[in-house]
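Single-structure report; data block below.
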Amino acid sequence: METGKYLLETPSSKLVEVAAIASKYKGRRDKLMDVLIQVQRVTPAISREVSGVIAREMGLPLPDVYSFVTFYAMLSVHQQGKYVIRMCKSAPCHVRGAQEIVDAIKEQLGIDVGETTEDGRFTLEYCPCIGLCEFSPAILINEKAYSNLTPESVKDIIKQYIREDAI
Ligand code: FES
């Protein structure tokens with residue numbers, strides 16, 4: 001199968017779910033963290049688009065929500081690399097070879113899940129479903145998604161990041 005490459009977009013059905021969560025806390029800035037935790041179960045990437053829905057439904061300014069999301073992301077993880085590789089750990093990816101993919105990445109970068117390369121370029125993490133189950137196994141590298149992966153194709157993708165970063 002061919003490797004797919006997508007810019008991550010949040011499907012409108014997910015945005016509806018996000019809106020439903022956020023609308024329960026209209027005007028409750030103090031509940032923003034709770035909302036984000038719930039939203040992350042629906043969509044792991046809290047993009048500007050998702051932040052916009054949260055801001056609208058909660059009646060908060062978008063910059064406030066987005067800066068909170070950024071701050072929250074920094075709090076939620078240890079020091080991250082320039083490129084954060086997130087391996088989907090949900091069942092469809094698991095049954096279609098996620099372990100082989102993660103093993104290939106670990107071998108190539110010499111790190112374990114939860115670690116960052118010594119040069120600070122790559123962090124490897126697990127994440128929940130990223131909505132590409134039909135094209136599993138799938139990963140995110142920052143906000144770009146890659147699917148239909150094989151151990152060979154994922155190594156080629158990472159090589160490309162290594163090359164581009166060296167320019
Ligand atoms: S289970 Fe991996 S993308 Fe959905």
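The values are calculated or read from the model by the stated rules, or taken from the named source; none is laboratory data. Remember, it's a predicted structure, so these values are computed and weren't measured experimentally. As a convention, Cβ positions derive from the backbone with ideal geometry for all residues, glycine included, and neighbour counts pool all protein chains shown. The area values use the complete protein model at the heavy-atom level, side chains included, leaving out ligands, DNA and RNA. Shrake-Rupley method; radii C 1.70, N 1.55, O 1.52, S 1.80 Å.
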Can you spot a residue in segment 63-82 that is modelled with pLDDT of 85 or more and polar (S, T, N, Q)?
no
Complete set of residues in segment 93-121 that are modelled with pLDDT under 90 and outside any loop (DSSP other than H, G, I, E, B):
THR116
In the set PRO61, PRO128, PRO151, which member is under 21 Å from MET33 (Cα atoms) and touching a residue at least 40 places away in the same chain (Cβ under 8 Å)?
PRO128
Can you say whether ASP165 is modelled with pLDDT under 95, in a loop (DSSP other than H, G, I, E, B) and among the acidic types (Asp, Glu), as far as the supplied structure shows?
no
Residue in segment 105-116 that is of a type in the set (D, E, K, R) and loosely packed, with under 14 Cβ neighbours inside 10 Å present
yes
Selection from segment 122-159 of residues that are farther than 11 Å from ILE101 by Cα, modelled with pLDDT of 95 or more and open to solvent by 20 Å² or more (accessible area, probe 1.4 Å)
ASP156, LYS159
Out of segment 131-148, which residues are in a loop (DSSP other than H, G, I, E, B) and within 27 Å of VAL39 (Cβ to Cβ)?
GLY131, LEU132, SER136, PRO137, ALA138, ASN142, GLU143
